[in-house]
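The block underneath contains the structure these notes are about, expressed in structure tokens.
The values are calculated or read from the model by the stated rules, or taken from the named source; none is laboratory data. Everything quoted here is computed from the prediction, not taken from an experiment. Counting neighbours? That spans all protein chains shown, and the Cβs are built from the backbone with ideal geometry, glycine included.
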Amino acid sequence: MDISAYLTRISYTGPLAPEPETLRDLHRAHLLSVPFENLDIALGRRIACDEAAFLHKIVGLGRGGFCYELNGAFAALLRELGFQVTLLSARVPREDGSEGPEFDHLALRVDFDEPWLSDVGFGDSFLEPLRLQAGIEQRQGAQRFRITTGNGLLRLQREQEVWRTQYAFTVTPRTLDQFAAMCHHHQTSPQSPFTRKRICSRATPNGRITLADDKLILTNGRNKEERLLSSEEEWHAALKTYFSVVL
């Protein structure tokens, strides 16, 4: 791996020692630079569950990706820098509230004296890693998160007027090949949220920028601005302007 190229991709120039502070800064830099996006799926381009392919797309082509790609690439970077990283399988709740399938989402555990939950591939969630500890509330700016336990699962929850589960997971170590079937499913199934609309979204220091189908959504703190794009040309222009992505 070309570590220097990866760090340039995420505009990171800080310390590289495998410590919690470095993880926090790398995590934040990644989310501010690399978008969560499913644009290859809409274009009919196969996404291989392969670490080298993830790195080529994100670092070499300046693109983003969905969870398998983003967290798969970030895990590779962390390992190269000497971090102890474990892939975790997570289940995103279905629309009816039931648990999603195993390997529905890929998250990361990073171990120091205590474990941390890292995730640069979920979209709108925590900007900095969370302590992988149940029963405590963890504040990031105006947002609050917590991890709860029940029925043999840990649940990442975010306060949105009420506490809502973002996903459930276990700390069982996984390998990348175990996610391949669900990676394929999310590219091809009509039931997958990723085949239903185009999405490109990244964090900003105070909010998010999201391109959801033909709608551009800019959030800054409590302020939210939405604009409907009138043409495919305008959509491509927004993609380039806000995400530096050219298809």
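A few remarks follow.
- For first residues located in segment 195-217 and farther than 15 Å from PRO35 by Cα, partners that are in a strand (DSSP E or B) and lie 6+ apart or on another chain with Cβ distances below 7 Å form the pairs LYS197/ALA212; ASN206/ASN220; ASP214/LEU228; LYS215/GLU226; LYS215/LEU228.
- Single residue of GLY44, GLY100, GLY72 found to be crowded, with 22+ Cβ neighbours inside 10 Å and either more than 17 Å from LEU130 (Cβ to Cβ) or not aliphatic (A, V, I, L, M) (or both): GLY72
- Residue match in segment 116-124 (condition: surrounded by 22 or more Cβ atoms within 10 Å (Cβ to Cβ), within 20 Å of PRO18 (Cβ to Cβ) and among the small types (Gly, Ala, Ser)): yes
- Single match in THR165, THR195, THR172 (criterion: within 18 Å of the chain's Cα centre (by Cα) and within 24 Å of ALA134 (Cα to Cα)): THR165
- Within segment 219-233, residues that are at pLDDT 95 or above have Cβ atoms under 7 Å from residues that are of a type in the set (Phe, Trp, Tyr) and in a helix (DSSP H, G or I) in these pairs: LEU229/TRP235, counting only partners at least 6 apart in sequence or on another chain.
- Here ASP111 meets each of (1) farther than 18 Å from CYS49 by Cβ; (2) touching a residue at least 60 places away in the same chain (Cβ under 8 Å); (3) surrounded by fewer than 22 Cβ atoms within 10 Å (Cβ to Cβ); (4) not aromatic (Phe, Trp, Tyr) with one exception, condition (2).
- For segment 1-16, the candidate set comprises residues that are touching a residue at least 24 places away in the same chain (Cβ under 8 Å) and assigned to a loop (DSSP other than H, G, I, E, B); within that set, the residue that is farthest from GLY82 (Cα to Cα) is ILE10.
- Of all residues making up segment 193-213, the number that are surrounded by 16 or more Cβ atoms within 10 Å (Cβ to Cβ) and under 16 Å from ALA90 (Cβ atoms): 1
- Of all positions in segment 21-37, at least one carries a residue that is more than 18 Å from PHE243 (Cβ to Cβ) and either of a type in the set (Val, Ile, Thr) or in contact with a helix residue (DSSP H, G or I) (Cβ under 7 Å, 6 or more places away or on another chain) (or both).
- The requirement of being farther than 26 Å from HIS184 by Cβ and touching a helix residue (DSSP H, G or I) at 6+ places or on another chain (Cβ under 7 Å) is fulfilled nowhere in segment 130-139; no residue meets it.
- Residues being of a type outside the set (Lys, Arg) and closer than 14 Å to ILE41 by Cα are represented in segment 213-220 by at least one member.
- Count of residues meeting criterion [in contact (Cβ under 8 Å) with a residue 60 or more places away in the chain and surrounded by fewer than 15 Cβ atoms within 10 Å (Cβ to Cβ)] in segment 152-177: 6
- For segment 47-91, filtered to residues that are polar (S, T, N, Q) and assigned to a strand (DSSP E or B), the residue that is farthest from the chain's Cα centre (by Cα) is GLN84.
- The residues in segment 26-46 that are in a loop (DSSP other than H, G, I, E, B) and over 16 Å from the mean Cα position of the chain (by Cα) can be counted, and the count is 4.
- The set of residues from segment 11-32 being closer than 23 Å to SER201 by Cα and either surrounded by 12 or more Cβ atoms within 10 Å (Cβ to Cβ) or at pLDDT below 95 (or both) comprises TYR12, LEU23, ARG24, ASP25, LEU26, HIS27, ARG28, ALA29, HIS30, LEU31, LEU32.
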